[in-house]
Structures are given as structure tokens and as C-alpha cells.
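Participant: Take a look at the following structure, please.
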2 protein chains.
Amino acid sequence: MKKKSTIYDVAKKAGVSPSTVSRVMNAPEIVAENTRQKVASAVKELSYIPNMIAANMPRKRTNYIGLIIPDITNIFFSNLVRGVQDVCEKYGYSVLVVNSDDSQEKEGRYLKLLYSRRVDGVILTVAGYQEEEFPEEELSLLKKMNIVLIDREINGMTAPIVKVNNFGGAYSAVKYLLKMGHKKILHLAGIEGTKTNQERRGGYLSALIESHINWKKELNADFRLDAAYQKIMNYWPQIKNSDELPTAIFAANDLMAIGALKAFTQLKVQVPEEVSIIGFDNIPFSDCTHPPLTTIAQPTYLMGQRAVETLINLISKKRIKKFIELETELIERDSVSRREV
Amino acid sequence: MKKKSTIYDVAKKAGVSPSTVSRVMNAPEIVAENTRQKVASAVKELSYIPNMIAANMPRKRTNYIGLIIPDITNIFFSNLVRGVQDVCEKYGYSVLVVNSDDSQEKEGRYLKLLYSRRVDGVILTVAGYQEEEFPEEELSLLKKMNIVLIDREINGMTAPIVKVNNFGGAYSAVKYLLKMGHKKILHLAGIEGTKTNQERRGGYLSALIESHINWKKELNADFRLDAAYQKIMNYWPQIKNSDELPTAIFAANDLMAIGALKAFTQLKVQVPEEVSIIGFDNIPFSDCTHPPLTTIAQPTYLMGQRAVETLINLISKKRIKKFIELETELIERDSVSRREV
DNA sequence: TTGTACGCGTTATCAG
DNA sequence: CTGATAACGCGTACAA
């Protein structure tokens, strides 16, 4: 790694002062034609590229924003990250992404790291699903930073939040199932007690009530593929020939829907002929399952974009919307069949 | 956003000098017990967290490394990114991830950005598959930085590289197919002219030659799911009842294998009964296809880890391996069936 | 054991 | 139009 040239090296070579070099780099038009030439050639010769950190220090900014997500390996987040990155780039920011693994302890550590790196703001998908109180220390740290929340709220602090209309999405999923003639709809639910899950369950129940359907049943699988797979593998044989047998399943996310699909393949239960399935999220590859999964799409890329836009406005003290709720969209594929009455 | 307290604020409040505060933060044991107390309580009171940037400036480092990948949205890379992040964190580095979208122009711009941000090193998955000459400007920039390459090499510069044994992986895939009794094996290939594709094709051909099999056939689908889907949809009906009909397909990546699977579902061709398929990569969800995909696993997480370890050693001028080749692993699932002779 | 002064690379400000 | 100087926040030699 060769020694990097500084603004002083360039100044010396061009026979001018550092300030002049700075001007040439940032506002060429205000410097005399021939000085500009001299400087430009010195810049080229030394292949000088300004040190953005040094430049930012007196301005008390970094042009970095932090992004805390549970796990980048979780396919659900990749589009979100990309949305954040793309908008950031447009505005000259860079993104520091970290994974909380849904651990509150890691989240706290990373928050501290981001603070010590003096990022200009943080986009946070709150870790852990617990409705626990937020640790005091972390909370006060948060209050000292520009924060935009994604998806989940925080007790004890108000911050702008970007989320998806979980209730509406679930509601429309179940409505769709009802429209297709299903009367016995099982809900494959996510992590108990999380707001997300509560909202989706709310949508499920509301749609049922609205249609005067009393039949309901909930299986819990923590938003996880394996868990859903196991649950179905255990549950289905028990109810196979009973009145309890649903004709359709509303899974609170695609991962669980795919887990269920996997179980049904093994159990030799035909989807959608014997049982229909609808998911939530529209993750990549949900169109490559067998059968392709009908699901409720979340605009993850858009969520990322909106979150950054809000954050950047927050940073520059412009007016912002405190609450942004994005709508979902029903994606009809082949995992739901019509049930004749 | 409240004003951030500095080491001076703490010093004043504790009635000591800034250097003493610095010592308490970085080497508490060398300062007298009661001074330490005073400082500690001032730190707590002001909830002081050191400014890492300022601290790093005189050291001429940032503890950032840059990671340039084609696209974080490409599921293949998420594990790699996580591997990089995890190792980085262990060593106190943070990662700045950017997407080149396989565009050389973007790659150049980002390289410049990373340089201006003075990252301590860069992990680079070279953009574009072209065997084109590298732009001179970019090359000289590269030479001024600590670089570790992933997967693809650069003409005109030697840098440590971490890659996977593509030849060996392809070879073992085809060997496996042969072992299962297949004699007509079609190769669903990736982007023509890329090293990766050449190596995998090499493995395919070698395995065939070694077994004295003359039958061979190659279809090109640019590593893309859609392209593979289209190719199969067009090709299969043409050869359906001819001698050209293969009994197995070796796809140069899982995406293409999944595309083929999709096509076969529509064409009502049974996999693996009528045709077997083996993929390459072992991307997430390759176990959730129908049937679950037999494939050659690439250790992507490990690649990320190795790359960072190499980079960190490069940065600290320790000895490094210039060339790290990782082995693949055959993952037997259900998309390949035995063919009786 | 503690304090002082300087350097890291840049830009804003003010003077010329 | 250009140059000098201070300031950003910290660590570190060196002095006390």
C-alpha cells in the first residue's frame, strides 16, 4: 500500500496553497483558469483523491448511516438492504450494515459501535420480539441519534417508523381464501407476542368475523421454516380424518408456507387440491416452489427506500412523516384452489 | 440529536487532563485508582463514547474494509457477506458493502469512494465477466490499496485470491451422474467466456473423457434462472423423441437448475424419473424445490471468512497465502435417479 | 502518575 | 483570486 498523497503534496507540486487545491476540488469555477490547470495536473500526477474523513471531521458528519437488521442471510432482508443502499448512494451516504441476530445484547453493542463511528443516523429493525422494556442505557443512546424504525416499535420512545400494513395484508389474504370458497382456514402463526404476528392474526380474525365464520384454529411455528414443517408433520396425521381438517392455510410468512409445502409433499397431501396455502412476504423463490406460492407481497425494497429518505430528511432537519405504512399486494399463483360449496 | 460530549468535556468535569481520560478509556490499569473513579463517573454522567474516527485519524487507519459484490440481492452472496461481517467484527473492523451490478463503471466509482473513505482494505468480486483489459486508472488505484480478490482474477495485477475449485466440483458432479448410470449428460452452461464457466465445463468434459463417453451437449443460459427456463422450454420439445434426449443435466449453477425444474414441471416431464438434474452452489432453498435439488455445495460463508482473514493479515503485513482454493461438496438430495444400464 | 503540545487532512473564515 | 490560520477529537511522545 503506497503512501497516499495529501492536499499538501498537491499544493507543493503545483506551487499553490492547500486552500487553492481544496477550491479546485470543490468549486473549480472560482479559481483562475491557469492556476486551475497547474493544480489539475498536479492532482493527476499524484493521483490525488481527497480524504473524505478529514474533510468531514470539522463538519461533524460522516456521511455514513447505520443499518441494523436481524440477519442479512435472511432472504427477506436482502431487498430491503438494497433499497437502503441505492437511496443512500444517490445522496452521497454509505451504509454500515450489522446483524443483531435478534439479540438485544448485540443490538446494544452495535448501537454503541455506530455511535462511536459517529454515523449520521441509524435505521433500526428492533431486535428480539419480546415486548420487554428497553434497556435504559440503550434507550438514552438512541435518543442521542437520528433514528428511523422499520417494522417494529420501541416502548418508551417515539421515532419515525416505516412499516407494512400487516393487518390489511392478512385480512386480504383470508378474504381471498373465503372468496375461493374456503370455510375452514387454519392460521399458521409466527412468534407469539410480536406485534407483527398480532397484527396479522388480527387481520385473520377480522376477515373471519366479517364473514360470520366461526371455524378457526391456530398453529404456532415462530416464523420458521423448520418449525412449520414439524408442526404440520405432527398435526396433520392427527386430524386427517376428522372434522378438524382445514381446507386452507394462511401462513404468517412464506418461510412457514414453504415449510408446510415441504411437509405436505412428504405426507402425500396434494396442494392445492386437498389443501390450499397462502403465504406472506413474497420472498424470492416463492414463485419457484411446487406449486408456486400464492402470497401477500411486502414491498421490502420500497421500505428500505422510504426509511432512508425519512432518515435523510431527519438528518437535514426537514419535515418528515412520523408514520409511514406501506400497502401489501396479493400475488395469485397456484397454491390456492377454488372450493365448491 | 443532542450535542455529543468530547474527551475535553469529560476531562473538565473530572478535573483532569484529556490524556488522563484517554488512558482511563484505553488502559485503565495505568492510572491511579481514585483518578480513575473520578473519570469513570464523569464518563457515565456525560455518557461519553469516544469518537473512533478522531482516534483513528492520527493512526492513519479507519478500521473499515470495503466489500464489492455484484448484488446483495443475489442470494448467492448473502452468506459470503455474513462470513465477511462476522470475521470483521471479531477483529474490530466494520464492513462497507457496495453493489457493482457487474458494471465495470460502477466498480470503478465505488473503488474510488472506498479509497476516499480510506478503508484499510477491499475485498473484491471483480465485476463483469468480460475478459476485457482493466481500465488503467482503476488498476493503479487498486495497486494503492490492500486487495483480496474473490472468485475472479484481474489481468495485469496479482493479488491474493480466494476461490472455489470449480473444476473439481463440476468433475465430481458429472462423476456422480455417471456412477448413477447416466450416459447422456447435458451441460446447462453459464456465461460463455467467464473463467468460472470454463472451469466448470472443463470438469464436465474431463469426467466424460475419463469414462470414455462421447455423448455430450451444451446449452447456454448465462447463469440465469429465466434463461434456463426458456432454453429448456424451447429445446426439450424438439428432441423429445430423438436420440438427442439426455437422461441427466449438469447445470452450472442452482439458479439454472431451478429454471430447468420449472420448465419440466410445465412440460410434464418427471424429475428425476425421466430426467435427472444436478446443480452447483447449494443456494438457500435448493432443498425446498420439488424435488429437492441434488447439488454441489460451495462454501460461501467460508469464502467470506477466508477472504477477510487474508485481508487482515495483508493489512498487518503478516505472511499470507496468495492463493486459497476451497473445496466443494456433493449434496445428495432427490433430483438424481439411478439409471439401469 | 499526570499534564502539555503536536499531528492526523481537510475546509471555513478572514485577510490580503 | 489566493494564502494563512483555526478547528474538528483523539492519541502519544515528552516533559513535569
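Coordinate-derived values only; no laboratory data. What you see is a predicted model, and the numbers here were worked out from it, not measured in a lab. Using ideal geometry, Cβ is built from the backbone for each residue, glycine included, and neighbour counts are taken over all protein chains shown.
Participant: Name the chain A residue nearest the rotation axis between A and B, going by Cβ position, and give the distance in whole Å.
Facilitator: A:His290, 2
Participant: Using a cut-off of 19 Å between alpha-carbon atoms, which aspartates and glutamates can reach B:Lys216, once sequence neighbours fewer than 8 places away in the same chain are excluded?
Facilitator: B:Glu192, B:Glu199, B:Asp243, B:Glu244, B:Glu274
Participant: Each label point is 7 Å from the Cα along the Cα-to-Cβ direction; what then is the distance between the points at B:Ile154 and A:Glu153, in nm?
Facilitator: In this crude label model, B:Ile154 to A:Glu153 measures out at 5.0 nm.
Participant: In addition: Placing a label point 7 Å from Cα toward Cβ, how far apart in nm is A:Leu267 from its equivalents in the other copies, listed shortest first to one decimal?
Facilitator: Distances to the matching label points in the other copies: 3.3 nm.
Participant: From the Cα gyration tensor of the range B:166-297, with a ≥ b ≥ c the square roots of its eigenvalues, which class applies: rounded if a/c is under 1.5, or else prolate if a/b is larger than b/c, or else oblate?
Facilitator: The shape class here is rounded.
Participant: Can I ask one more? Starting from the Cα coordinates of chain A, work out the convex hull volume and express it per residue in Å³.
Facilitator: 175 Å³
Participant: If all Cα-Cα distances of the range A:190-235 are sorted into 10 Å bins from 0 onward, what percent lands in each bin, rounded to whole numbers?
Facilitator: The percentages, shortest bin first, are 25, 44, 30, 2.
Participant: Starting from a label point 7 Å past Cα on the Cβ side, list the distances from B:Lys144 to the same position in the other copies, nm, shortest first.
Facilitator: From this label point to the equivalent ones elsewhere in the assembly: 3.5 nm.
Participant: Between the helical axis of B:300-315 and the dominant principal axis of chain B, each derived from Cα atoms, what acute angle in degrees is found, rounded to the nearest 10?
Facilitator: So the inclination is approximately 40 degrees.
Participant: Hey, another quick one. Cross-link partners among lysines for B:Lys217, C-alpha distance below 18 Å, same-chain residues fewer than 8 apart left out?
Facilitator: B:Lys175, B:Lys183, B:Lys184, B:Lys231, B:Lys240
Participant: Show log10 I(q)/I(0) for the range B:152-197 at q = 0.30 Å⁻¹, two decimals, from a solvent-free Debye sum over equal Cα scatterers.
Facilitator: -1.16
Participant: When DSSP beta bridges are limited to those with both residues in the protein assembly as shown, what percentage is antiparallel, rounded to the nearest 5? Don't skip to the answer; put the middle values down first.
Facilitator: Values: 7 of 75 bridges.
If I count the DSSP bridges inside the protein assembly as shown, around 10 percent turn out antiparallel.
Participant: Here's another thing I want to ask about it. Which residue fluctuates the most in chain A, going by a Gaussian network model with Cα springs under 10 Å, if the choices are A:Phe323, A:Phe167, A:Phe223?
Facilitator: Of the options given, A:Phe323 has the highest mean-square fluctuation.
Participant: Compute a Gaussian network model of chain A, connecting alpha carbons closer than 10 Å, and tell me which residue from A:Leu261, A:Leu113, A:Leu46 fluctuates the most.
Facilitator: A:Leu46
Participant: Which pairs in the list A:Lys4/B:Lys60; A:Lys112/B:Lys112; A:Lys317/B:Lys112 are over 22 Å apart, alpha-carbon to alpha-carbon?
Facilitator: A:Lys112/B:Lys112; A:Lys317/B:Lys112
Participant: Turning to a different aspect of this structure: Within the P(r) computed for the range B:1-48, what percentage of the Cα pairs occupies the region above 15 Å?
Facilitator: That tail contains 32 percent of the Cα-Cα pairs.
Participant: Now for a separate question. For the protein assembly as shown, compute Rg over Rh where Rg is the Cα radius of gyration and Rh is the Kirkwood radius from the inverse mean 1/r over Cα pairs.
Facilitator: Here Rg/Rh amounts to 1.02.
Participant: May I ask you to derive the FRET efficiency for A:Met233 and A:Glu329 from their Cβ-Cβ distance with R0 = 22 Å, giving the value to the nearest 0.05?
Facilitator: 0.10
Participant: Hey, another quick one. If you build a Gaussian network model of chain B, linking Cα atoms that sit under 10 Å apart, which residue out of B:Asn241, B:Asn26, B:Asn146 swings the most?
Facilitator: Top of the fluctuation ranking is B:Asn26.
Participant: What angle do you read, to the nearest 10 degrees and between 0 and 90, between the alpha-carbon axis of helix A:33-45 and the longest principal axis of chain A?
Facilitator: 60 degrees
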